[in-house]
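A short worksheet on the structure shown next.
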Amino acid sequence: MGEWGSARASPVLAALQRIGWRVVRPRGSHRRLERDGWPPMVFAFHDDEEIGPRMLARIAKDSGLRPDDL
C-alpha cells in the first residue's frame, strides 16, 4: 500500500479505461464499470475529488490498476 499516493478521480477513471474498463451505466457521480474477466465495480467519485492512498489501493485490488498506470 505504501506505493500509492493520492490522485484526482478523473485521471484515475481515465487510467481504468486505458486498462480495459468501460463505463456501462453512469448516474451522477456513480459510474458502473465492467471489464471482461473481472466482476463489475462502481466508481463513485466526482471528477475533481481527491482519492487518498488507501482508497486507491482498494480500487487497485478490485480492478488490477497499478501505480504506473496513472
* **Positive-end extreme of charge dipole, the chain - chosen from Leu56, Ser10, Met41 (charges on Cβ)** => Met41
* **Cα centroid of the range 54-70 to Cα centroid of the range 12-32, whole Å** => 14 Å
* Just need the Rg to Rh number for the chain, please, alpha carbons only, Kirkwood Rh. => 0.92
* To do: Give me the accessible area per residue for the range 1-50, probe 1.4 Å, as a whole number in Å².
  => 66 Å²
* Relative contact order for the chain using alpha-carbon pairs under 8 Å, separation at least 6, rounded to a whole percent? -> 41 percent
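The values are calculated or read from the model by the stated rules, or taken from the named source; none is laboratory data. Bear in mind the structure is a predicted one, so any value in this text is a computation, not a measurement. Because the Cβ atoms are built from the backbone with ideal geometry, glycine has one as well, and the counts that use them run over all protein chains shown. Keep in mind that these areas ignore ligands, DNA and RNA; they rest on the heavy atoms of the full protein, side chains included. Shrake-Rupley method; radii C 1.70, N 1.55, O 1.52, S 1.80 Å.
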